[in-house]
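J.: Pasting a structure here, questions to come.
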Amino acid sequence: MDAALKLTPDLGDVLPDPHSYQHLIGKLNYLTITRPDIAFTVHTLSQFMQRPTSVHMQAAKRVLRYLAGALGQGVLLATSSSAILTAYSDSDWAGCPNTRKSTTGFCIFLGDSLVSWKTKKQQVVARSTAEAEYRAMALTTCEVTWLTQLLKELGIKSLAHVVLKCDNQAAISIVVNPVHHEKTKTR
């Protein structure tokens with residue numbers, strides 16, 4: 001999706017028949033199971049299922065053109081890899097132009113293989129980028145905890161410490177220094 005394009009419900013002309021858009025987004029939604037590279041875009045486009053416009057359809061067709069040019073992409077599992085979980089977490093602060101909510105995104109690797117990923121709009125409006133990033137890290141930590149427990153139940157007992165990578169210095173300092181936690185709590 002065009003990075004500069006911020007989709008809103010009233011952008012463009014309303015489609016006379018929304019069924020073609022709805023079917024296309026439904027099919028793309030299933031494709032995100034093996035194509036995490038389109039997950040964020042499909043998540044964004046699925047927010048306009050009730051009343052899609054011509055601009056939304058153009059963005060969906062752009063995804064199809066991308067897929068046609070990137071047929072060899074997808075989730076590939078390594079044949080041999082170490083049992084190390086590495087998680088990457090990010091968010092876009094107030095990225096939704098309608099609700100001003102942030103979107104969380106994470107991906108988790110087991111060795112060299114991507115095993116879990118997600119994009120989700122946060123439930124509350126974050127007051128700062130640090131808060132949005134911290135919430136993204138918290139959601140990622142929940143998923144890492146679940147994956148760790150699942151791997152232990154599957155018999156993988158020798159898991160090393162999980163590495164969680166984040167690019168926001170304020171959120172990292174909150175996690176590292178427990179003294180700052182009290183200053184960041186909101187009611």
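J.: Please identify the pairs in which a residue from the stretch 147-168 that is modelled with pLDDT of 90 or more has its Cβ atom under 7 Å from the Cβ atom of a residue that is open to solvent by less than 50 Å² (accessible area, probe 1.4 Å) and assigned to a loop (DSSP other than H, G, I, E, B), counting only partners at least 6 apart or on another chain.
T.: Going by the 7 Å Cβ cut-off, the qualifying pairs are Thr148/Leu159; Leu151/Leu159.
J.: Suppose we filter the stretch 29-70 for residues that are under 22 Å from Pro16 (Cβ atoms) and either under 13 Å from the mean Cα position of the chain (by Cα) or in a helix (DSSP H, G or I) (or both); how many remain?
T.: So the count comes out to 15.
J.: Show the residue pairs that are 6+ apart or on different chains and have beta-carbon atoms under 9 Å apart, the first residue being within the stretch 42-69 and more than 14 Å from Leu7 (Cα to Cα), the second being open to solvent by 10 Å² or more (accessible area, probe 1.4 Å) and among the basic types (Lys, Arg).
T.: What qualifies is Leu67/Arg35.
J.: Shifting gears a bit: Exactly one of (1) in contact (Cβ under 8 Å) with a residue 40 or more places away in the chain; (2) open to solvent by 60 Å² or more (accessible area, probe 1.4 Å) is unmet by Leu110. Its number?
T.: The number of the failed condition is (2).
J.: Is there a residue in the stretch 62-70 that is crowded, with 18+ Cβ neighbours inside 10 Å and not charged (D, E, K, R)?
T.: yes
J.: At positive phi and open to solvent by 40 Å² or more (accessible area, probe 1.4 Å), is that true of Arg100?
T.: yes
J.: May I pose another question? Which members of the stretch 127-142 meet the condition of being in contact (Cβ under 8 Å) with a residue 12 or more places away in the chain and open to solvent by 50 Å² or more (accessible area, probe 1.4 Å)?
T.: Answer for the stretch 127-142, where residues must be in contact (Cβ under 8 Å) with a residue 12 or more places away in the chain and open to solvent by 50 Å² or more (accessible area, probe 1.4 Å): Arg127, Thr129, Tyr134, Arg135, Leu139, Thr141.
J.: For the stretch 12-27, state whether one or more residues are exposed (fewer than 12 other Cβ atoms within 10 Å of the Cβ) and either touching a strand residue (DSSP E or B) at 6+ places or on another chain (Cβ under 7 Å) or within 24 Å of Thr145 (Cβ to Cβ) (or both).
T.: Checking the stretch 12-27: at least one residue is exposed (fewer than 12 other Cβ atoms within 10 Å of the Cβ) and either touching a strand residue (DSSP E or B) at 6+ places or on another chain (Cβ under 7 Å) or within 24 Å of Thr145 (Cβ to Cβ) (or both).
The values are calculated or read from the model by the stated rules, or taken from the named source; none is laboratory data. Source: prediction; values computed, not measured. Cβ atoms come from the backbone with ideal geometry, glycine included; neighbour counts cover every protein chain shown. Ligands, DNA and RNA are stripped out before the accessible areas are found, and what is left, the full protein with its side chains, is counted by its heavy atoms. Shrake-Rupley method; radii C 1.70, N 1.55, O 1.52, S 1.80 Å.
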